[in-house]
Amino acid sequence: MLLETNPFYLLKQSGQEDAFAEAMDLRNCVKKFGALGDWATAAERFADYWGGAGSWRDMSPERRNAFAEGLKPNYFEWDAVMGETTPVEQWARLLPRATLVVSDPNTAFPIREITALLRRSCPMRTYKEIAGGGHMAPLTRPDVINPLVRSFLRLSLGDDWASPAQASG
């Protein structure tokens, strides 16, 4: 299951220069301010990019601190999503047929373009759009995402995929 998947390098490979540039702007912010140890600035830009303008401002100070701390691994994750070279054509072999790709039709431009690329290259996968979910839907819309994940896992793996305690949570 891929939620708002972000192999941004595919944008460059497919000539989606504007979408790639937008992703690079966010990457450059995280890399620049992360290298300086200014995680609050990187986190503000990241939160507002994925969650909408004012997302950072609307967080409590405790939530901001946790968000900035949680963003630190993202500094290294950009290397993977920008430095990969696997062509989009190979994704059809890499993704199992039982793959669900979830995105918001109004999400960030780069994610919309990546989803469109995957739809063309991997048409036998399942695609689901969740309006209003956005990239942060696992955090902001667990009421929608959790049942979707549970349902997909049950369909893909059967009812015994989790213990009763896990299935109820």
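The values are calculated or read from the model by the stated rules, or taken from the named source; none is laboratory data. This is a predicted model, so every value here is computed, not measured. Backbone-built Cβ (ideal geometry, glycine too); neighbour counts: all protein chains shown. Just the protein is used for accessible areas: all its heavy atoms, side chains included, with ligands, DNA and RNA removed. Shrake-Rupley method; radii C 1.70, N 1.55, O 1.52, S 1.80 Å.
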Roll a 1.4 angstrom probe over the protein heavy atoms and tell me the percent of accessible area of the chain that is carbon or sulfur. 53 percent
Region 1-54: Rg to Rh, with Rh as the Kirkwood radius over Cα pairs: 1.03
Top positive-direction residue, dipole computed over region 17-169 with Cβ charges, set Thr99, Leu26, Gly52: Thr99
Over region 46-118: Kirkwood hydrodynamic radius from C-alpha pairwise inverse distances, Å: 15.0 Å
Quick check: the distance between the Cα centres of region 16-87 and region 88-163, to the nearest angstrom? 22 Å
Per residue, how big is the convex hull around the C-alpha atoms of region 60-100? Give it to me in cubic angstrom, could you? 109 Å³
Against the rule of thumb 2.2 N^0.38 Å, how large the Cα Rg of the chain comes out: 1.10
Under the rule of -39500 (n - 2.57) per DSSP H run of 4 or more residues, summed and divided by the residues of the chain, what mean residue ellipticity at 222 nm is obtained, to the nearest 500 deg cm²/dmol? -17500 deg cm²/dmol
Per residue, how large is the accessible surface of the chain? Use a 1.4 angstrom probe and give square angstrom. 55 Å²
So which DSSP H runs in the chain come out at 30 Å plus along the axis (Cα) with average Kyte-Doolittle of at least 1.6? none
Over the chain, calculate the relative contact order: mean separation of alpha carbon pairs under 8 Å at least 6 apart, over the residue count, as a percent. 28 percent
